[in-house]
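Trainee: Sharing a structure with you now.
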Amino acid sequence: MEINKRKLIHVLSITLIIVGLSMIPSLICSFINNNQQQVKSFLLPMFVCLSIGGILLRLFEKSTKPLKIRDCYIMVFSIIVTACVAGAFPYYMSIKNATFIQSIFESTAGFTTTSATVFYEPSMAPSLILWKGIEHWVGGIAILVFILSILPMLGIGDQQIATAEAHGTMLNKIAPRSFQIIKYIFIIYSGITLISFIYFALVKTGLFDALILALSTSSTAGILLHPEGISYYNSFLVELGVSVLSIFSGLSFVVYIHLYKRNFSELKRNMEFRAFLLIIAISSTFIGISLFRHGHGGFLRSIADGFFQVSSFATTSGFALQNYALWPSTCVFVLIAVMLIGGCSASTTGSFKVIRFLIVLKLIGKGFAKRIHPRSVHSVKIGNSPINSSMVISVTTFTMVYFMTILISTLIISIQNLDIESSLGATIGAISNSGISFGVVGMSGNYNVFHPLLQLFISFLMIVGRVGLVTISIIFIPSFWRPHRMMRIKI
């Protein structure tokens with residue numbers, strides 16, 4: 001298969017430049033702390049990224065050759081891999097005895113907004129913690145922004161972008177031009193980050209902690225700043241802020257565009273928005289009552305703890321208040337369920353997404369109705385919008401691939417002979433981009449116990465969860481690389 005190498009290198013050069021520029025705040029932080037080792041660890045990778053990116057950008061200028069849909073899939077995957085590898089060098093050069101695989105894992109967790117680590121985050125230098133926070137912030141929005149702004153400049157159509165990105169939100173009805181969409185995304189994302197920073201600063205977490213918490217909540221990717229987790233602050237206001245701001249970030253930015261344009265009627269008809277909040281409300285109440293009945297504490301304290309942990313898992317932000325693995329098994333089951341469902345489409349959250357969950361429920365309902373009334377004709381709708389056959393195929397394909405990937409990945413990780421809870425927990429934690437999970441991973445989201453090759457595999461799972469299962473799976477289908485040969489499935 002012929003690949004449009006010129007456009008691919010052009011886009012990857014822009015990726016290197018963005019990664020290089022993103023290191024500037026951490027470099028400044030190193031200078032302020034007068035840490036010469038940290039200065040070198042950021043200055044050299046930044047110089048290399050900017051130099052190579054700048055040179056390649058000049059050598060491989062915009063090509064007039066049209067880009068095929070296969071090029072889009074390769075480009076999306078290549079962008080995230082390039083960013084993760086380039087972002088690994090500060091960890092590799094700063095942390096004593098760190099291997100490059102560990103550094104790639106840490107960088108991948110950053111750009112995929114996964115609350116996972118192989119290092120002990122509370123002991124990391126402030127500049128490295130800031131770097132991971134920046135990776136989270138950039139990773140939370142970069143894929144969507146990059147696909148919708150940079151790639152159209154290279155001649156890719158909107159339909160190809162939507163297919164390659166595979167989030168499925170019809171944005172053109174709201175903002176016909178890609179530039180408008182990007183403007184809305186940037187304003188919303190930056191606004192949530194700024195509000196988060198001001199809030200955490202006001203509740204006296206400290207300016208540095210406020211900055212990291214703001215970067216984390218807006219990107220729905222937690223960082224373990226202190227060994228005790230969020231309970232370190234011993235503040236209900238901090239806990240409430242983390243929960244509510246994570247939920248705000250877990251909403252589709254389409255909701256905010258409707259609010260900005262005062263389309264309140266559209267907002268009321270948004271089933272995903274209502275379902276997401278309903279899932280959080282019901283799950284939090286159920287866990288809170290269950291904790292209270294089992295003597296966890298007072299009623300309000302139990303409800304608050306349930307709400308915090310549910311919002312963390314539902315938005316895949318990966319914050320932890322306490323060791324939830326010790327909670328009643330029914331509570332643990334609910335947390336796993338909300339983590340598998342995830343947040344809204346067109347948001348910084350990972351996992352299955354609420355809109356797909358709703359469509360699957362609708363399809364199941366239609367299947368039962370068809371059994372009862374074989375001759376009836378019912379169209380499946382989400383709100384007032386009918387679901388066409390291509391959307392049904394897309395969702396059912398994603399659902400099958402999603403759960404097959406979880407099963408196969410759990411089997412691969414179990415090679416290390418860990419218990420099933422740890423193997424399954426690591427898989428779900430990585431592919432949902434939550435990071436924290438159950439078993440040996442636990443509330444700290446530490447994957448250091450796994451073999452280096454498994455750490456590399458889990459890094460791949462994080463990329464799969466962030467970029468999109470179908471997007472990555474298609475690349476590994478032989479017929480993708482041999483388009484003249486159609487893929488045939490015999491049953």
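Read-outs: derived from the displayed coordinates by stated rules, not from any lab. This structure is a prediction, so every number in the text was calculated from the model and none was measured. Glycine also receives a Cβ, built like all others from the backbone with ideal geometry; neighbour counts cover every protein chain displayed.
Trainee: What are the lysines whose alpha-carbon lies under 24 Å from the alpha-carbon of residue 65, with same-chain residues fewer than 8 places away excluded?
Mentor: Output for residue 65: 5, 7.
Trainee: Another one. Could you check the simple spin-label distance between residue 377 and residue 97, using points 7 Å along Cα→Cβ, in nm with one decimal?
Mentor: Reported label-point gap for residue 377 and residue 97 is 7.1 nm.
Trainee: Shifting gears a bit: For residue 390 and residue 180, compute 0.36 nm times the residue count separating them, minus their Cα-Cα distance, and round to one decimal in nm.
Mentor: The span from residue 390 to residue 180 would gain 72.9 nm if fully extended.
Trainee: Could you give the length gained on full extension between residue 366 and residue 449, defined as 0.36 nm per residue of separation minus the Cα-Cα distance, in nm?
Mentor: Extra length from residue 366 to residue 449 when fully extended: 25.4 nm.
Trainee: Turning to a different aspect of this structure: Looking at the range 175-281, what % of the alpha carbon pairs are farther apart than 15 Å?
Mentor: Value for the range 175-281 (Cα pairs over 15 Å): 67 percent.
Trainee: Turning to a different aspect of this structure: Arrange the following residues from fewest to most other Cβ atoms within 10 Å of their Cβ: 131, 327.
Mentor: 327, 131
Trainee: Treating cross-link reach as a plain straight distance, find the lysines whose alpha-carbon is under 22 Å from the alpha-carbon of residue 381, omitting any fewer than eight places away in the same chain.
Mentor: Reachable lysines: 173, 268, 353, 362, 366, 370.
Trainee: A further question follows. Measuring from a point 7 Å past the Cα of residue 228 along Cα-to-C-beta, which residues in the range 408-445 have an amide N at less than 17 Å?
Mentor: Within reach of a label on residue 228: 444.
Trainee: Now a separate question. Hand me the chymotrypsin sites (Phe, Trp or Tyr not before Pro) from the range 413-481 located in a DSSP loop with no more than 13 other Cβ atoms within 10 Å, in residue order please.
Mentor: Loop-located and lightly packed - 476.
Trainee: Still on this model: Counting alpha carbon pairs within less than 8 Å and at least 6 residues apart, what relative contact order, in whole percent, applies to the chain?
Mentor: In percent, rounded to a whole number, it is 16.
Trainee: Can you order the peptides 88-94, 121-127 by their average number of other Cβ atoms within 10 Å per residue, highest first?
Mentor: Highest mean packing first, the order is 88-94, 121-127.
Trainee: Sticking with this structure for a sec: With +1 assigned to the C-beta of every Lys and Arg and -1 to the C-beta of every Asp and Glu, and no other charges, what is the dipole magnitude of the chain about the Cα centre in debye, to the nearest 20?
Mentor: Here the size comes out at about 2000 debye.
Trainee: So for the chain, taking the charge dipole from beta-carbon charges (+1 Lys/Arg, -1 Asp/Glu), which of 479, 142, 180 sits furthest toward the positive end?
Mentor: Farthest towards the positive end: 479.
Trainee: Let me ask something else about it. Could you point to the residue in 368, 281, 344 farthest towards the positive end of the range 269-403's charge dipole, with +1 and -1 charges on the Cβ of Lys/Arg and Asp/Glu respectively?
Mentor: The residue sitting farthest along the positive end of the dipole is 368.
Trainee: Using a cut-off of 18 Å between alpha-carbon atoms, which lysines can reach residue 40, once sequence neighbours fewer than 8 places away in the same chain are excluded?
Mentor: Correct list for residue 40: 96, 132.
Trainee: In the chain, with Lys and Arg counted as +1 and Asp and Glu as -1 at Cβ, which of these residues, 406, 23, 36, has the Cα nearest the positive end of the dipole, that is, farthest along it?
Mentor: Sorting the options by dipole projection puts first 406.
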